[in-house]
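Below is one structure, written out as structure tokens; comments come after it.
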Amino acid sequence: QVQFVESGGGLVQPGGSLRLSCAVSGTIFRVRAMGWYRQAPGKQRELVAGITSGGSTDYADSVKGRFTISRDNAKNTVYLQMNSLKFEDTAVYYCNIQRSDGAWAYWGQGTQVTVSS
């Protein structure tokens with residue numbers, strides 16, 4: 001019903017940058033926001049950034065000042081610009097959509113980001 005096409009992940013050195021993209025197709029009702037979650041092995045999944053249709057953004061403290069989320073509503077695409085990457089940023093990053101009831105209910109397939117020297 002809902003399809004995500006994620007891209008932009010890969011291997012990067014510490015201090016480097018990556019830009020993730022997520023194009024969404026299909027009909028989703030009562031969308032409040034789009035965002036990015038990440039999960040590393042042995043760690044809990046965390047919401048790293050979110051953006052509402054009006055452009056309001058929020059970030060996890062661990063990425064604030066380094067990551068920037070944006071969206072192109074016309075293209076149904078959300079982006080995550082990741083700068084000054086650290087080892088601890090290594091994770092699978094998932095595109096996600098938040099319903100108006102607050103639930104992050106729609107998940108992409110994930111894209112691997114590996115920060116390594």
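So here's what we get for this one:
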item	result
Charge dipole (debye, nearest 20) of the range 1-99; +1 at Cβ of Lys and Arg, -1 at Cβ of Asp and Glu	180
By average C-beta atoms within 10 angstrom, highest first, the peptides 9-16, 40-47	9-16, 40-47
Accessible area (Å², per residue) of the chain, counting only protein heavy atoms and a probe of 1.4 Å	54
Protein accessible area in the chain, 1.4 Å probe - carbon and sulfur %	45
Spatially proximal lysines relative to LYS86 (Cα-Cα < 27 Å; intrachain offsets below 8 disregarded)	LYS43, LYS64
Cα principal axis extents for the chain, largest first, Å	42, 27, 25
Pairwise centroid distance, computed over Cα atoms, of the range 1-34 with the range 67-96, Å	6
Zone residues, the range 62-76, relative to ALA23, backbone N less than 17 Å from point 7 Å out along Cα-to-Cβ	71-76
Environment charge of GLN109, counting only residues whose C-beta is closer than 15 Å and scoring Lys/Arg +1, Asp/Glu -1	+1
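The values are calculated or read from the model by the stated rules, or taken from the named source; none is laboratory data. Quick caveat, the model's predicted, so the values are computed rather than measured. Using ideal geometry, Cβ is built from the backbone for each residue, glycine included, and neighbour counts are taken over all protein chains shown. Surface areas here come from the heavy atoms of the whole protein model, side chains and all, with no ligands, DNA or RNA. Shrake-Rupley method; radii C 1.70, N 1.55, O 1.52, S 1.80 Å.
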